[in-house]
Amino acid sequence: MIRNMFRAGVALAVLLAGGVAAAAVPPLVGPDWLAGHRGDADVAVLDVRSPIDGGDEVAFADGHIPGSVDAGYTSHPWRVTKDGVVGKLPPVSELESLVGGLGVDNGDTVVIVPAGTGPTDFGSAARVYWTFRVLGHDRVTILNGGYRGWVAAGNEVATGTVSPQPGDFDADFREGMVVSTRDVENAETRGIQLVDARPSDYFKGDKKHPEARVAGTIPDAVNIQHQRFLSGGDVWRFDQDRVDAVLGDVSLDGDRRPVSFCNTGHWASTTWFALSEVRGEDNVGLYDGSMVEWTADESHPVQVAKQGLARILDFFGG
């Protein structure tokens, strides 16, 4: 089922009126929108550039959107290691401290700024976006095209470091958005449709993450590659016009709950974003432990693409 389209209609009305209202901001905004709202008292702009995309604290000091705060994806604890598994969601209390420390209040509209350099850096923004939604904060959006798109549009930049005034942020944790290994183990009985967001070489088992025990995917998963939702050259943007075409290439069971995964819950965030926030599918989950956690248990089955003679026999029905 497609989630209510009312939010999108309200968002458009609010944007045309020139204001920001609770739960009305769309999942993606452009530089023009941010240029018109970055000075609003209830808008918090978080710059999540990190070494993943060539950014860091030095890059932020060298140039950033005026009024934004350095919230680097890897320099701030947006993800933690739990029981040897990288990329996990931190405890809620720690996230409350993190978000509040960045100057965010419960009433703020949060704008997340990626680098705009490629699909993987968009995943940083999508993961932080998902984290806010898990914390019960719906007034959140991503600057499409990121910092590079902001600069390319000819907008003003600021330099130097920023020390935000602490905000007052209390979470309303949505546990159901976070899918556990137990849920995945019981995917069939719990009505879960597993969606592998990784590039095809990972899905087929030709390549693996260094923290994963073995290559391959979770049995019966379908492959919706995260990078297919992005397009660009000098500036990379989430391409909303691609969503229906990309999703049309796979067979999703409308009676089952889509759950996105990858290696560490990073790329999976982009596919979750496409399904949940752009397409508007109901109750989309994200397995943040992903293949690193799944393969840590040797009893968990892993599926790889058929090779050699097995592939030929399968093709001819043998």
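The numbers here are math on the coordinates, done by the rules we state, and not lab data. For clarity, every value in this text was computed on a predicted model and none was experimentally measured.
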> Using alpha-carbon positions, what is the distance between the centroids of the range 192-225 and the range 76-96, in Å?
Replying inline: 22 Å
> Which whole-Hz ³J(HN,Hα) couplings does the range 198-211 yield from phi under the Karplus relation 6.51 cos²θ - 1.76 cosθ + 1.60, θ = phi - 60°, glycine and proline marked x?
Replying inline: 7, x, 4, 5, 6, 4, 6, x, 7, 8, 9, 6, x, 8
> Cα to Cα, under 13 Å, and not fewer than 8 places away if on the same chain: which aspartates and glutamates meet these conditions relative to Lys204?
Replying inline: Asp196, Asp220
>> Give me a comma-separated list of calculated 3J(HN,Hα) values for the range 278-293, in order, Karplus coefficients 6.51, -1.76, 1.60 applied at θ = phi - 60°, integers in Hz, x for any Gly or Pro.
In response: 9, 6, x, 5, 6, 6, 6, x, 9, 9, 6, x, 6, 5, 5, 6
>> Please report the antiparallel percentage of DSSP beta bridges with both residues in the range 6-173, rounded to the nearest 5.
In response: 20 percent
>> Once you keep just the Cα pairs under 8 angstrom separated by 6 or more residues, what percentage relative contact order results for the chain?
In response: 20 percent
>> Can you tell me the orientation of helix 119-134 relative to the chain, as the angle in degrees between its alpha-carbon axis and the longest Cα principal axis, to the nearest 10?
In response: 80 degrees
>> With a cut-off of 8 Å between alpha carbons and a minimum separation of six or more residues, what is the relative contact order of the range 26-79 in percent?
In response: 36 percent
> Under 16 Å Cα-Cα from Lys82, which aspartates and glutamates qualify once same-chain neighbours fewer than 8 residues away are excluded?
Replying inline: Glu94, Glu211, Asp288, Glu293, Asp297
